[in-house]
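The values are calculated or read from the model by the stated rules, or taken from the named source; none is laboratory data. As the structure is a computational prediction, the values presented were derived from the model and not from experiment. Glycine gets a Cβ as well: all are built from the backbone with ideal geometry, and neighbour counts include every protein chain shown. Ligands, DNA and RNA are stripped out before the accessible areas are found, and what is left, the full protein with its side chains, is counted by its heavy atoms. Shrake-Rupley method; radii C 1.70, N 1.55, O 1.52, S 1.80 Å.
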Amino acid sequence: MKTLITTVGLARTYRQGSVDVHALRGVDLEVGEGEFSALAGPSGSGKTTLLNLIGCLDTPTSGIVTVAGRDVTRLGKNAAAAFRLEHIGFVFQAYNLVPVLTAFENAEFTLMLKGVAAAERRRIVTPLLERVGLGGLEQRRPHELSGGQQQRVAVVRAIASTPSIVLADEPTANLDTETSVGLLDLMLDLNREHGVTFLFSTHDPTVIGRARRIVRLDSGHIVGEERPDSKG
Amino acid sequence: MGILAWRNLWRNRGRTLIVVSAIALSLGLMLVSYGMTLDRNVKMMQAAVRSAGGNVLVHADGYWDARTSDLQMPGGDAIADRVAAIPGVSGVIRRVIISGLLTSTHGGEGAQIMGVDLEGEAQVYDFRPRLVTGQFFTADDETPLVLGDGLAELLDVEVGDRVVLTATGPDGEVARALFHVTGTLHTGVSMIDDSLGLTTVGAARAALAMDTHLTQIGVLLTDDDRRDEVDRAIAAALDDLPAQVEVLTWDEAIPDLLGFVEIDEKFAVVYTVVIGLVVAFGIANTLLMMVMERIRELGMLNAIGMGPRRVAILVLLETVLLAVVAVTVGFALGFAGHLALVHWGLDLSKLSGGEMDIAGVSMNDTIIRSQFDALRWGAATGVVVLVILASSLYPAWRAMRLDPVEAMRTYE
Ligand SMILES: Nc1ncnc2c1ncn2[C@@H]1O[C@H](COP(=O)(O)OP(=O)(O)O)[C@@H](O)[C@H]1O
Ligand SMILES: [Mg+2]
């Protein structure tokens, strides 16, 4: 299996007034192509910080991050944005969508940013929306969709531009258990069907149960790792 | 992106409408005030030329300050002919003006008797329709006099009565001359109606025993803007005369009026600047609010790959759309106001009660309309657009600088 993400000795310290908050204290992690992995850990354990560093949204205090063979540790703002557009899909906990755009327009947004022509965008996005069960709801605005439906639109937007990996930071945090499981199953299906690599964070045990690989974080350290499916 | 910008603009419909209408109204009012100012200034200048008696005046040296009838130009007809031949001059009006005492059987009044050619005068002011009683000059009357109705009343004379003019001639001798009142006129300007008497150039000359003298040559120009240039040309051409003459442009003759016009124009500039500042402040504030309210969303967009430059472009695009809407509406309002003024006008005499006079120049057309001034309108509209765009630079810069992690954490 090809390695997609490597972090070496990754540390991130926030300065809060005169106090240093060590959010990550040296994380070595590898994520392979096609994985469906969870970052599990209590609130404040450093999940968001790690995802932000991998997603080129933040710069580590020390350590190295490579994504798809490229050292992304110190990219400039414009270069980082371009890299994210090309290689990384994001699903956030909330406020994923632009309220003035329809479900379809939100879903095609990354493709639009990449300069894909309208007809081609339609050809790509329409079946994906259909696939996640949003057929017929394309023209709705986010406020006319349920929380689960909104997250599905965000998932479609994240995978539409065929990124190397989709990073999802607590994508189910605002959803009830049933909807959460539904969303996870959908992501898992997309992982199987399209080979999309997912790395998501959560502290919800039900959601953790869906992962094929679980990386446990606590106080900025990796404290354990499981692969529920793999025998040996 | 255009669609996104457009929809973002109308997110807070009420606020956008307020800002748009504020800009549109300011611009509209500004344009209307430009139209009115220009119209008034043009009318004031026309009134000034009328009141002065020409775009450029030629007198015996010192006449304009003294206004005494002993200061006459000998050989006036020949001088007028020479002036008429100068390029830029479209016509000359010959006048003999005598300031003196007019006496009737009932008493005496100070008066200004003008020997004129009515047809020539009509180029600046047509006296003929102002006749109230009697008639103007006829061939068989050698000493006709048409009096302002106020003066006729003061002297208690009517058509057919005789009056005597006493005045000093160019030789320094006091002369007396008899005139027949042939008519009365009413201009509506009391200062004139109470002091003016009109006669022929010949009769006026005869009264002071002059031959070809003239008091004043009213020079009409093809282009008033070139008056200074033509003024110098006339002065140069008349340099060889034995008796010195003075050559004055209308604004030299009535200096206060031009000052008034200039103050008016400075005021327009101040007005524009004030409105510009108001617009700038309002817009900058609104745009900044539009950005700050959306910090989280802009952070999210940046996270999914919309680079800082594109985020800034989005904000600028929203501004451009706002500017286009506001300026279009404002221009339409201004133009509608302009057309309404052209059609109906605004009667200033109702405000000031009849007569209007600015810097001593009476305005006989007191209805202010509007004149389209492409340059000023374009400049004002351009300034407003620039101000709007400039005021979006800071918000756009803020949006561009935002850190996605911070932005998304901030309002969690
Ligand atoms: N911008 C920041 N400034 C200061 N402290 C921060 C900042 N972001 C995160 N932290 C701190 O770093 C630690 C890890 O946070 P985070 O990565 O958000 O954890 P998780 O996502 O697992 O809840 C926490 O103690 C949090 O308070
Ligand atoms: Mg978190």
request  = Scan the helices (runs of 4 or more DSSP H) fully inside region B:59-123 and keep the ones with 2 or more residues being crowded, with 23+ Cβ neighbours inside 10 Å.
outcome  = B:76-84
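Could you tell me which residue of region A:193-206 is surrounded by the most Cβ atoms within 10 Å (Cβ to Cβ), considering only residues that are away from ligand 1 (no atom under 14 Å from the Cβ) and within 21 Å of A:Glu225 (Cβ to Cβ)? If you could, list the steps in order and put the result at the bottom.
Our first condition is that a residue be away from ligand 1 (no atom under 14 Å from the Cβ); within region A:193-206, this holds for A:193-198, A:205-206.
Next, only the ones that are within 21 Å of A:Glu225 (Cβ to Cβ) stay: A:197-198, A:205-206.
Details: A:Thr197: 22, A:Phe198: 27, A:Pro205: 8, A:Thr206: 13.
The qualifying residue surrounded by the most Cβ atoms within 10 Å (Cβ to Cβ) is A:Phe198.
Looking only at region B:124-143, count how many residues are of a type in the set (D, E, K, R), open to solvent by less than 60 Å² (accessible area, probe 1.4 Å) and touching a residue at least 12 places away in the same chain (Cβ under 8 Å).
Adding up the residues that qualify gives 1.
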task = Name every residue in region A:72-87 that is more than 8 Å from chain B (Cβ to nearest Cβ) and not polar (S, T, N, Q), in order of residue number.
result = A:Val72, A:Arg74, A:Leu75, A:Gly76, A:Ala79, A:Ala80, A:Phe83, A:His87
remark   = Across region B:144-160, the tally of residues that are farther than 22 Å from B:Pro129 by Cα and surrounded by fewer than 22 Cβ atoms within 10 Å (Cβ to Cβ) stands at 2
task = Output yes when any residue across region A:23-46 is within 30 Å of B:Leu314 (Cα to Cα) and touching a residue at least 40 places away in the same chain (Cβ under 8 Å), and no when none is.
result = no
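Scanning for something modelled with pLDDT of 85 or more, in a helix (DSSP H, G or I) and exposed (fewer than 14 other Cβ atoms within 10 Å of the Cβ), does region B:260-275 turn up at least one residue? Don't jump to the end; show me each part of the working.
Applying the first criterion (modelled with pLDDT of 85 or more) to region B:260-275 yields none.
No, there is no match, as no residue in region B:260-275 is modelled with pLDDT of 85 or more, in a helix (DSSP H, G or I) and exposed (fewer than 14 other Cβ atoms within 10 Å of the Cβ).
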key: Filtered residue count, region A:165-192, keeping only those that are within 13 Å of chain B (Cβ to nearest Cβ) and either within 16 Å of ligand 1 (Cβ to nearest atom) or more than 22 Å from A:Glu138 (Cβ to Cβ) (or both)   = 6
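For the subset of region A:207-220 comprising residues that are within 16 Å of ligand 2 (Cβ to nearest atom) and at pLDDT 90 or above, which member is most open to solvent (accessible area, probe 1.4 Å)?
Start the filter on region A:207-220 by keeping residues that are within 16 Å of ligand 2 (Cβ to nearest atom), which leaves A:207-208, A:215-220.
Now narrow it down to the ones that are at pLDDT 90 or above: A:208, A:215-220.
Numbers: A:Ile208: 19, A:Val215: 3, A:Arg216: 85, A:Leu217: 4, A:Asp218: 66, A:Ser219: 62, A:Gly220: 0 Å².
Here the answer is A:Arg216.
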remark   = Per the filter on region B:281-310, residues more than 9 Å from chain A (Cβ to nearest Cβ) and aliphatic (A, V, I, L, M) are B:Ile283, B:Ala284, B:Leu287, B:Leu288, B:Met289, B:Met290, B:Val291, B:Met292, B:Ile295, B:Leu298
query = Is there any pair linking a residue in region B:286-298 that is touching a residue at least 40 places away in the same chain (Cβ under 8 Å) to one that is surrounded by fewer than 17 Cβ atoms within 10 Å (Cβ to Cβ) and of a type in the set (A, V, I, L, M), with Cβ under 8 Å and at least six apart or on different chains, and which?
reply = none
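Quick one: count up the residues across region B:371-412 that are within 21 Å of B:Ala312 (Cβ to Cβ) and either touching a strand residue (DSSP E or B) at 6+ places or on another chain (Cβ under 6 Å) or not in a loop (DSSP other than H, G, I, E, B) (or both).
The initial filter retains those residues of region B:371-412 that are within 21 Å of B:Ala312 (Cβ to Cβ), namely B:385-408, B:410-411.
Then drop every residue that is not either touching a strand residue (DSSP E or B) at 6+ places or on another chain (Cβ under 6 Å) or not in a loop (DSSP other than H, G, I, E, B) (or both), which leaves B:385-391, B:393-401, B:404-408, B:410.
Qualifying residue count for the region: 22.
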key: Any strands (runs of 3 or more DSSP E) falling wholly within region A:10-71 and containing at least 3 residues that are within 14 Å of chain B (Cβ to nearest Cβ), within 16 Å of ligand 2 (Cβ to nearest atom) and open to solvent by less than 70 Å² (accessible area, probe 1.4 Å)   = A:19-32
